[in-house]
1. Mind listing which trypsin sites (Lys or Arg not before Pro) in the range 179-220 are in a DSSP loop and have 12 or fewer other Cβ atoms within 10 Å?
2. Sum up the charges of everything whose Cβ sits under 13 Å from the Cβ of residue 165, counting Lys and Arg as +1 and Asp and Glu as -1, but leave residue 165 out.
3. Show which aspartates and glutamates lie in cross-link reach of residue 215 when reach means a straight Cα distance below 16 angstrom and same-chain residues fewer than eight apart are skipped.
4. Taking amide H positions as placed 1.01 Å from N in the peptide plane, with prolines and chain starts having none, which residues 5 or more places from residue 214, or on another chain, fall under 5 Å of its amide H?
5. Calculate for the chain the 222 nm mean residue ellipticity that helices alone would give, adding -39,500 (n - 2.57) per DSSP H run of length 4 or more and normalising by residue count, nearest 500 deg cm²/dmol.
6. How large is Rg/Rh for the range 1-51, to two decimals, with Cα atoms and a Kirkwood Rh?
7. Can you check how the C-alpha radius of gyration of the range 154-196 compares to 2.2 N^0.38 Å, as a plain ratio?
8. Provide the gained length on full extension for the span residue 186 to residue 52, in nm with one decimal, where the gain is 0.36 nm per separating residue minus the Cα-Cα distance.
Amino acid sequence: MGKYKVGKETKEKIYEASKALFYEYGYTSTTCLKIAKESGANVGLINYYYGSKGGLGIELYNELMSTIKAKVTENLYKLGLETTLLLQTAVEWRVLNNNMRFNKNFSRFYYDLLGENVLYKEQSVVTDFYRNLAESCDLHYSDFEIAFIAFASAGATQGINLAYDAGLIDCSSQDFINSSIHLLLNNMGLDPNLIKQIISESYEIEKMFTVRIEKNFNIV
C-alpha cells in the first residue's frame, strides 16, 4: 500500500510539473529532463507512467477537452437550458476558439501538439466526441470515417487559426468562429439550414457565460 501511494504521488507530481512547464514554455520546448527536474522524479518514471512526453501531452489535452465540456454542461444546467449534443458542441467550440484567441499559452500548446503529430499518434478523446456527435445526429459513420473527420477538422482548425493570427484572414472574431463552426459541421455532412441554426443559437448561448483557461491550464 505504501509503495502504491508513493507511486501515485510521483505520477501526480510529474503531471503537475508538466502542466506548469507546458503552459509556461510550450510542449515543444519542454523536455523530459525539465519535467523530471521540476517534479523531482527520475526521468525514466515519465516513460513508466505515461509512455512518453507525448503521453503526457495527450493526457493533458484530453483533460482540457473533457473539463471544458463539463464546465459548459454545468453552465447550461445553471441557466436551465436544454440543448442537443450538436448545439452544446458548437458552444464548446466557441469557448475553445475564444481561449485560442486570448490565451496564447494555450494556443501555443495546441499548435505544438499538432505540429509534432501528438494528436494524431496518441489516443485522443476528440475522436470519441465526434463519434458521439455523429450518433446523436443519426449519422452512421465507420471508425475510419470518424477518425478522418476528426483529424481533418483538427488540421483545418490549425491552419485557419494560424492564418487568422498572422492576419491572412481579414474578418471579425465572430465571423471567424462562425465560419469555423460551419466548416466543422459541413465536414460531417449536416444540412446547411441546420448548420445555420446551430451557429445562430450557439452564439446567443455563449454570451450568457464564460469559461476561461488560466495559468497552468486551470479552467474556471
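1. Sites meeting the loop and neighbour criteria: 207.
2. Within the 13 Å Cβ shell, the charges total +2.
3. By straight Cα distance, residue 215 reaches 16, 24, 63.
4. 219, 220
5. That comes out to -24500 deg cm²/dmol.
6. Ratio of gyration radius to Kirkwood radius for the range 1-51: 1.00.
7. This ratio for the range 154-196 stands at 1.20.
8. So the extension gain works out to 44.7 nm.
No lab work stands behind these numbers, since they all come straight from the coordinates. What you are looking at is a predicted structure, and each value in this text was computed from that prediction instead of being measured. Ideal geometry is used to build each Cβ from the backbone, glycine not excepted, and the neighbour counts take in all protein chains shown.
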